[in-house]
Amino acid sequence: MAAADARERGIDVEIKPADDKEDEEVAARVAADLASDPSVIAVIGHKNSGPSKAGAPTYARAGLTQITQCSTDNSLSRSGWNTFFRLCADNERQAAVAAEFAQRRLAGARAFAVHDMTDYGRPLVEAFARRLEALSGNVGQEDFSEIVAAIKSGGAQVVDIGATEIESSKLMKALRQAGIRALVMSSEGGPDNPIVKLAGDAGEGSVHTYAGADPTATSASRDLLQRCRAAFGETPSYLVECYDAASVIAAALENGATTRAEVRDAVAATDLEGAAGRIRFTANGDRIDAPVSLWTIRDGRMVPLGEQVVR
C-alpha cells in the first residue's frame, strides 16, 4: 500500500516479499539473497528480533539499509550496525511504560513478573522488574515452576507477563481459574491482537503495552487504519510502522538517493512527519521519542486506554 502510494507520487519502487519463517537460520539465508540482489535498495524487517539480529550483519556488510517495524531487542541498536534502524520502541522503553503505569495504578503493590524463558519474553520482564523496583523500592520476583501457586501464595496485586500471545493467554486463564484478581499486564497490545480471542473472558481488564503508535491517535493513522480494514479485512500489527518504514525509504529516493550508501545516509538524516508522529533516528538507529501505547481488553475488544507515551 505504501509502495503504491509512492508510485502515485512518481517514485519507482516495488516490494520484493521474503519470508524468514520466524527462524534465524532462514533469516540469514533471506538476508543473503536480498543483499546479493542489486535491485534491492533497502529492507523493511524483520518482524521478530531473532531474525533481525541474524540478518543485520549481512545487511551491514552490504551497506543495505534495514528498517524494522517491530523488533524490540535492545541489543539490535547497540551492535555497531550502521545500517540498522527501528521505528518501534525497544524492550526497555516499552517495559518502563508498563512499570510506570502499574506504579500509578497500584503504587507500592506486590508485583510478580513472569516470562516464558524466550529471548522475547525474558528481556521484557527483566526490564519491567528493574524499572518497577526503581520506582517502588520493592524487589521483583521471577518464577518458572508452580507459577500460579507462587503468584497466589505471594499475594500478587500486579502480574506482568513477558511471553507470546499463546503463552500469555494460557497464564491469564490459569490465574483467573485460580481466583487471582491481580492487575495482569503484558506486551500484547495493539489493534486486532489475537490474545483477545485466545484469552477469552480471562483477558477482560488486562492492560497491554504496544511498542508502536496507537493507529487511532491521528487523522492520518486513522485513515490508514480504515484503508487496511477495507483492503485486508483486518488491522495488521504495526501497520503504522510498516507503512512509515516504506515512506522513509521512499522519501530518501524522492530526495535523490540512488545508491545503497545514499539511501542509508538519507534514512539516518530522516526528519519527517509519519502517519502517527515525527520520525527521526538516533546515531545508533533507534527512533527518537518512539511511541508506546497502552491498551486494555474491554467487552471482548482490545481498545486504547487513551494513553500514548512519547518521551
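The values are calculated or read from the model by the stated rules, or taken from the named source; none is laboratory data. Because the structure is a prediction, the values reported are computed rather than measured. Please note: Cβ atoms are built from the backbone with ideal geometry, for glycine as well, and neighbour counts cover all protein chains shown. Accessible surface areas use protein heavy atoms only, side chains included; no ligands, DNA or RNA. Shrake-Rupley method; radii C 1.70, N 1.55, O 1.52, S 1.80 Å.
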Open to solvent by less than 20 Å² (accessible area, probe 1.4 Å), under 21 Å from residue 249 (Cα atoms) and of a type outside the set (Phe, Trp, Tyr), is that true of residue 58? no
Quick one: count up the residues across segment 281-304 that are under 17 Å from the mean Cα position of the chain (by Cα), closer than 30 Å to residue 38 by Cβ and open to solvent by 40 Å² or more (accessible area, probe 1.4 Å). 0
Among 49, 79, the single one that is closer than 25 Å to residue 279 by Cα and surrounded by 22 or more Cβ atoms within 10 Å (Cβ to Cβ) is 49
Kindly indicate whether any position in segment 23-40 is hydrophobic (A, V, I, L, M, F, W, C), part of a strand (DSSP E or B) and closer than 20 Å to residue 285 by Cβ. no
Answer yes if at least one residue in segment 8-23 is open to solvent by less than 30 Å² (accessible area, probe 1.4 Å), closer than 26 Å to residue 211 by Cβ and of a type in the set (Gly, Ala, Ser), and no otherwise. no
In segment 76-88, is there at least one residue being in contact with an Asp or Glu (Cβ under 7 Å, 6 or more places away or on another chain) and of a type in the set (Val, Ile, Thr)? no
Going through 168, 153 one at a time, which residue ends up being under 22 Å from residue 126 (Cα atoms) and either under 20 Å from the mean Cα position of the chain (by Cα) or open to solvent by less than 20 Å² (accessible area, probe 1.4 Å) (or both)? 168
I'm trying to understand the selection: among the residues of segment 171-181, which are in contact with a strand residue (DSSP E or B) (Cβ under 7 Å, 6 or more places away or on another chain) and open to solvent by 10 Å² or more (accessible area, probe 1.4 Å)? 171
Residues of segment 201-230 satisfying the condition of being small (Gly, Ala, Ser), more than 27 Å from residue 100 (Cβ to Cβ) and exposed (fewer than 15 other Cβ atoms within 10 Å of the Cβ): 219, 230
Of all the strands (runs of 3 or more DSSP E) wholly in segment 143-229, which have at least 2 residues that are modelled with pLDDT under 90 and touching an Asp or Glu at 6+ places or on another chain (Cβ under 8 Å)? none
Going through segment 183-195 in order, the residues found to be crowded, with 21+ Cβ neighbours inside 10 Å and more than 17 Å from residue 211 (Cβ to Cβ) are 184
Single residue of 306, 233 found to be over 27 Å from residue 162 (Cα atoms), among the small types (Gly, Ala, Ser) and without any contact (Cβ under 8 Å) to a residue 40 or more places away in the chain: 233
Here the residues within segment 60-113 that are in contact (Cβ under 8 Å) with a residue 12 or more places away in the chain, of a type in the set (Lys, Arg) and assigned to a helix (DSSP H, G or I) are 61, 78, 93, 105
